[in-house]
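Worksheet: the structure to be examined is printed underneath.
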Amino acid sequence: MNDRSANSALLLGIAAVERDTGIGKDTLRVWERRYGFPQPQRDAAGDRLYPLDQVERLRLIKRLLDSGHRPAQVVGLPIDRLDALSRQAEAAADSPSASAEQPVAAPPGDADIQEYLHVLRQHDAELLRRRLLQAVMRLGLARCVTEVVAPLNTAVGQAWMHGELQVFEEHLYSEVIQRVLRTAIGAIPPGDAAQSRPKILLTTIPQEPHTLGLLMAEAMLALEGCRCVQLGPQLPLADILLAVRAHAADVLVLSFSSILPAAQVIDALHALRQRLPAGIDIWAGGSNPALRRRLPAGIRVTAALGDLAATVRDWRVRHAGVQSLR
């Protein structure tokens, strides 16, 4: 791991900590009073400043909360205990007895993962891009997304959560992956417009900044001949509704990472389902625990990227009569 004493010399404001960890400002203040952690410093104006070692500890706490722990159980724990609990949660999620609703992918070998991470830590963006493009050419886009990108995303996320990657390194990885996926998607030959339904709009709700899930989904959907409209992250709900109508979309695809509170995800899905016509599908995917709960009728959860092909085929079967009239 990185030297935590060196991390302590760097300070983040409370807004940056909220963005970095997914823990709200009010929650941070409550924990400070109730549990004695975090323990921010103050600047000349009295504003809170958080050392990076405390931010790392907050990331682990957020991960444990998402896996079902309560704040009173974990907020006051030292980082070595949090680290151990986090690894136990990861091992349980990866065990054969884990819920069948968890995304399942055939990952590359540990040596392959470590090689990609090694290149990332060398900060050689061009080499990482070339290696990933070679994987696309060797495996094909669909297998590359499910067998390389998905497990590599998990490995990068875990390394970042445990302080083994810096924030700028995680951002570098994200930029390289986006370039690779956009290049690969752009190389897919266009299909016959008359046969390219469903037309799919992809975005995320406010406060959900992650776009890799959207791009991975777009790659799988484009391979099925779907027309995809990618609007990127954090679109207000009212604008999502306007965009669906403006683009005459058949399906709205939303991606949810674990950064958002489950209640916010469920509320957004309720609001969108109620305000969109019943004939427009909503497909949701991602790692947010809310997607494993009971959701509003009319929301289809895609547990794994590899399931999108079957989801598209099912949509086409259900709409075959309507398509023949267009």
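None of Leu58, Leu82 is in contact with a Ser or Thr (Cβ under 9 Å, 6 or more places away or on another chain), under 21 Å from Val167 (Cα atoms) and either assigned by TED's automatic domain parsing to the domain that holds Arg292 or assigned to a helix (DSSP H, G or I) (or both) except Leu58.
Entry remark, the stretch 271-293: residues being more than 26 Å from Glu224 (Cα to Cα) and either over 20 Å from the mean Cα position of the chain (by Cα) or hydrophobic (A, V, I, L, M, F, W, C) (or both) number 4 in total.
Residue by residue, here is whether (1) surrounded by 21 or more Cβ atoms within 10 Å (Cβ to Cβ); (2) at pLDDT below 90 holds:
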position	(1), (2)
Met216	yes, no
Gly225	no, no
Gln230	no, no
Leu241	no, no
Gly279	no, no
Gly321	no, yes
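Note on the stretch 128-179: residues that are on the phi > 0 side of the Ramachandran plot and either among the polar types (S, T, N, Q) or surrounded by fewer than 19 Cβ atoms within 10 Å (Cβ to Cβ) (or both) amount to 1. Is at least one residue of the stretch 28-38 buried (at least 16 other Cβ atoms within 10 Å of the Cβ), part of a loop (DSSP other than H, G, I, E, B) and among the aromatic types (Phe, Trp, Tyr)? Within the stretch 28-38, one or more residues are buried (at least 16 other Cβ atoms within 10 Å of the Cβ), part of a loop (DSSP other than H, G, I, E, B) and among the aromatic types (Phe, Trp, Tyr). Taken together, the residues in the stretch 297-314 that are in a helix (DSSP H, G or I) and among the small types (Gly, Ala, Ser) amount to 3. Modelled with pLDDT of 85 or more, part of a strand (DSSP E or B), touching a His at 6+ places or on another chain (Cβ under 9 Å) and in the same structural domain as Leu242 (by TED's automatic domain parsing) - does that describe any residue in the stretch 283-296? Checking the stretch 283-296: at least one residue is modelled with pLDDT of 85 or more, part of a strand (DSSP E or B), touching a His at 6+ places or on another chain (Cβ under 9 Å) and in the same structural domain as Leu242 (by TED's automatic domain parsing).
Pairs meeting the criteria (first residue in the stretch 19-37 and under 16 Å from Pro51 (Cα atoms), second residue in a helix (DSSP H, G or I) and among the aromatic types (Phe, Trp, Tyr), beta carbons under 8 Å, at least 6 apart or on different chains) are Phe37/Trp31.
The values are calculated or read from the model by the stated rules, or taken from the named source; none is laboratory data. All values reported here derive from a predicted model rather than from experimental measurement. Here the Cβ is made from the backbone with ideal geometry for all residues, glycine too, and neighbour counts use every protein chain on show.
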